[in-house]
């Protein structure tokens, strides 16, 4: 195969001038939350590095991750696919199919050994030699392990590839397993969500391409830049949670007024993702913003951690079993108790500590 063009060369060939080139990456850096000091490094990488070869494979899944990815707005998907990366193999998006496409995969593995990124969408069936997920006359399990052997890094797109998701839920008849359980010895970046946020997906690819290394990961292998905070921490309904104002029924006025959905089963307090910050569809909304509780889709085993519409924990000290009036009474009572305690402390201090006059007399 011919050498891959750099991002800058592709832009130049399409008539994009230097000013627009820099403007594009300035906007891209901001949207990905990169420090301004890293901007020169991003530009240098795009001017000098060849486009990253990517093999995108599909196992047991519903293709919602690809549907999310092609709707990325910052940067838009066509710039990612056609410029930043070289998406040479994708059973969903490639024009070729069958034996022709399989030859492309094998050629990439040969020509870019140790340099290509393997993106995996879906998980692998492990029971009965993987017969429950077949492609091109072979099991997805075999193809995944074969392709992963010479990959520079693996990106597990979505909760299926990251943690197992619905196929892996009890009783798991096909023995569906996430990438980390069937591939070893390779750096794996888990990008969970059902599906993941489009900008999170493009952000991970941008980081790997720009810096030539995987981003900082949390204990579950997720990029901290996007999974470092809980949805609850940035949720616009958080003040209602703190005030003890909860939706008790979807038909109540409280639901339309935007009260907290914790009692309706919202998993926001235990779910790490960027939904409440980045949101979806060019910041149009996110599930909680649309009136639906978070189901915790970016956490392991979320299908088995249900039910979705029932609160899973009692947290009385946070006011989850109180209303606003009760919270107010408690606050007033606490203030009164504090004042009384202060008064008692002052009297005791006066009795224990001798006055200046008494010191002089003694």
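Write down the Å³ per residue value for the convex hull defined by the alpha carbon atoms of the range 50-227.
Values: hull volume 18.8 nm³, N = 178.
Taking the convex hull of the Cα positions in the range 50-227, it is 106 Å³ per residue.
Fully extending the segment from residue 149 to residue 135 would add 3.2 nm, taking 0.36 nm per residue of separation and subtracting the current Cα-Cα distance. Using the Cβ-Cβ distance between residue 19 and residue 49 with R0 set to 22 Å, the FRET efficiency from 1/(1 + (r/R0)^6) comes to roughly 0.55. Using 20 Å as the cut-off for backbone N distance, which residues of the range 125-168 belong to the label zone defined by a point 7 Å from the Cα of residue 97 along Cα→Cβ? Within reach of a label on residue 97, which here means backbone N under 20 Å from a point 7 Å along Cα→Cβ, the range 125-168 contributes 133-140.
Classify the range 93-191 from the C-alpha gyration tensor, please: rounded if a/c falls under 1.5, else prolate or oblate depending on whether a/b exceeds b/c. Could the numbers behind the result be given before it?
Working: a/c = 1.95, a/b = 1.35, b/c = 1.45.
The shape class here is oblate.
Take 268-280, 127-139, 43-55 and order them by the average number of nearby Cβ atoms within 10 Å per residue, most first; the result is 268-280, 43-55, 127-139. Each peptide in 178-189, 103-114 gets a packing score, the mean of other Cβ atoms within 10 Å over its residues, and the list from highest to lowest is 178-189, 103-114. Listed from fewest to most Cβ neighbours within 10 Å, the set 150, 170 follows the order 170, 150. In terms of other Cβ atoms within 10 Å, 202, 229, 147 run from fewest to most in the order 229, 147, 202. For the peptides 154-161, 62-69, residues were scored by their other Cβ atoms within 10 Å and the scores averaged per peptide; the highest-first order is 154-161, 62-69.
We did not get these values from a lab; they are worked out from the coordinates using the rules stated. None of these values were measured; they are calculated from a predicted model. Glycine also receives a Cβ, built like all others from the backbone with ideal geometry; neighbour counts cover every protein chain displayed.
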